[in-house]
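So the structure is just underneath, and the comments pick up after that.
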Amino acid sequence: MDAREQAAWAGGVVRELREEIGRSIVGHGEVVRDVLVCLFCGGHALLEGVPGLGKTTLIKTLGQVLDLATSRIQFTPDLMPADIIGTNVLVQDEVPSAGASADTRRVVRFQKGPVFAHIVLADEINRATPKTQSALLEAMQEQTVTVGGTTWRLESPFIVLATQNPIEMEGTYPLPEAQLDRFFFKLALSYPGASEISAIIERTTGGAAGQPARVLDAAAVMDMRALVREVPIAAEVKDYAIRLALATRPGAPEATEMVNRYVRYGASPRGPQSIVLAAKARALFDGRLAAGFDDVRGVCRQALRHRILLNFEGEAEGASPEKLIDDILARVSPDGTAGPASPER
């Protein structure tokens with residue numbers, strides 16, 4: 001297939017995926033799209049929202065339409081790292097012998113934990129201690145697990161989809177900055193409207209709803225990942241993504257007045273990496289042959305909101321990463337000039 005045919009195929013696949021996911025999920029169209037962006041970019045997503053908005057259902061449905069092995073880890077304060085990655089256990093092993101019965105011996109074997117799956121749902125990840133949260137770091141970054149000096153490779157594709165409740169603060173542990181930075185996107189789920197609630201009630205209180213059909217398999221997901229990376233992006237578009245990320249760092253020439261006043265730390269290099277890769281995926285989803293300025297602007301909030309750490313003044317005055325990103329988008333223009341951004345291209 002040539003580039004146009006590949007873009008058309010990718011756009012059709014994404015539309016089919018969204019339709020099938022829509023059989024189980026009402027609304028949240030942008031969140032569904034962004035989760036697919038994370039999947040096809042090889043990243044991980046942190047979903048934040050109050051209980052009952054369908055975060056867990058969305059993740060389980062994703063495993064169904066992709067026919068991928070899915071595991072769920074319920075994070076609690078007493079959860080231990082071994083409960084996630086697995087541990088070495090002592091077992092009885094039968095050894096064939098010349099006699100009538102087999103001999104037995106004790107051997108140490110590695111018992112894999114729930115992290116050995118294609119899609120890992122880390123439910124309420126901020127309820128576990130930092131020690132347990134850190135058990136995911138190697139898996140998220142290197143796609144490996146090391147236990148007792150032995151390194152185990154996780155199967156591809158591999159994605160961690162974590163959820164957290166933004167309201168309940170009692171009994172929770174904030175995610176370390178190093179782990180937050182390893183999430184490709186942070187997605188915020190909002191309350192559904194009246195029409196969406198009506199559709200939810202109709203589905204959940206009526207007859208049995210139809211199950212979503214399988215659309216892709218693991219091999220096709222990896223093909224799509226390779227295709228995303230082949231999408232071209234112009235130098236000026238990539239430069240725009242870099243300048244947006246640099247504008248989140250206090251003291252940088254690109255930083256806005258609000259950033260210098262309210263921000264303690266800005267985005268790491270993973271920020272612009274996520275923006276550029278997500279912009280490529282967004283263009284491919286729409287069947288376009290190259291990423292543009294509007295693609296960069298469209299993924300900026302999701303890629304940067306969890307990479308901006310407020311200082312004391314910012315927290316005291318109620319500043320939010322979203323407000324800061326909106327201010328950056330308004331003041332950093334695609335053509336490199338100061339002042340309000342020029343119209344999207």
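Counting only protein heavy atoms and using a 1.4 Å probe, the accessible area of M80 comes to about 100 Å². Given a 1.4 Å probe and the protein chains as shown, D286 ends up with an accessible area of around 100 Å². Plugging the Kirkwood radius over Cα pairs into Stokes-Einstein for region 248-297, at a temperature of 20 °C and a viscosity of 1.002 mPa s, what D comes out in µm²/s? After rounding, the answer is 174 µm²/s. Note on region 1-47: Rg/Rh from C-alpha atoms, Kirkwood Rh, equals 1.03.
Angle of helix 29-41 to the longest C-alpha principal axis of the chain, folded into 0 to 90 degrees and rounded to 10: 70°. Expressed per residue, the C-alpha convex hull volume of the chain stands at 194 Å³. In this label model, S268 and L180 are separated by 1.2 nm, measuring between points 7 Å along each Cα→Cβ vector.
At the listed q of 0.11, 0.17, 0.20, 0.24 Å⁻¹, the Debye profile of region 229-327, built from one uniform point per Cα, gives log10 I(q)/I(0) equal to -0.32, -0.69, -0.88, -1.14. Globularity index of region 67-166 is 1.34 (Cα radius of gyration / 2.2 N^0.38 Å, N = number of residues).
Beyond 28 Å, what share of the Cα-Cα pairs of region 105-245 remains, rounded to the nearest whole percent?
Taking all Cα-Cα pairs of region 105-245, the fraction more than 28 Å apart is 45 percent.
Relative protection proxy for 189-197, 240-248, 158-166, from highest mean packing down: 240-248, 158-166, 189-197 (other beta-carbon atoms within 10 angstrom).
Each Cα pair under 8 Å and six or more residues apart adds its separation to the average, and for the chain the resulting relative contact order is 21 percent.
Rounded to a whole number, what % of the accessible area of the chain do carbon and sulfur atoms account for, probe 1.4 Å?
Ligands and nucleic acids excluded, carbon and sulfur reach 51 percent.
Only protein heavy atoms count here; on that basis, with a 1.4 Å probe, E202 has an accessible area of about 130 Å². Our note on the geometry: Cα centres of region 127-190 and region 27-86, 11 Å apart. Report for the chain the percent antiparallel among DSSP-assigned beta bridges with both residues inside it, nearest 5. Percent antiparallel among DSSP bridges in the chain is about 50.
Assuming R0 = 41 Å, what is the FRET efficiency of D294 and E5, from their Cβ-Cβ distance, to the nearest 0.05?
So the FRET efficiency works out to roughly 0.95.
Given +1 at the Cβ of Lys and Arg, -1 at the Cβ of Asp and Glu and no other charges, the dipole of the chain around its Cα centre is 320 debye to the nearest 20. The relative contact order of region 1-75 comes to 32 percent, based on Cα pairs under 8 Å that sit 6 or more residues apart.
Were the residues from E236 through T129 laid out at 0.36 nm apart, the gain over their Cα-Cα distance would be 34.2 nm. Dipole size of region 37-94 about its Cα centre, with +1 on Lys/Arg Cβ and -1 on Asp/Glu Cβ: approximately 380 debye, rounded to the nearest 20. Dipole of region 110-188 computed with +1 at Lys/Arg Cβ and -1 at Asp/Glu Cβ about the Cα centre; of L136, G113, T163, farthest Cα towards the positive end is G113. Rounded to the nearest 10 degrees, the inclination of helix 270-285 to the longest alpha-carbon principal axis of the chain is 90 degrees. Entry comment: accessible area of the chain is 48 Å² per residue, from protein heavy atoms only and a probe of 1.4 Å. Kirkwood radius and radius of gyration were both taken over the C-alpha atoms of region 1-102, and their ratio Rg/Rh is 1.22.
Which angle from 0 to 90°, rounded to the nearest 10, does the C-alpha axis of helix 218-229 make with the longest principal axis of the chain? With both axes taken from Cα atoms, the answer is about 30 degrees.
The values are calculated or read from the model by the stated rules, or taken from the named source; none is laboratory data. No experiment lies behind these values; they were computed from the predicted model shown. Heads up, the Cβs are rebuilt from the backbone with ideal geometry, glycines too, and the neighbour counts pull from every protein chain shown. Heads up: the accessible areas ignore ligands, DNA and RNA and are worked out on the full protein's heavy atoms, side chains in. Shrake-Rupley method; radii C 1.70, N 1.55, O 1.52, S 1.80 Å.
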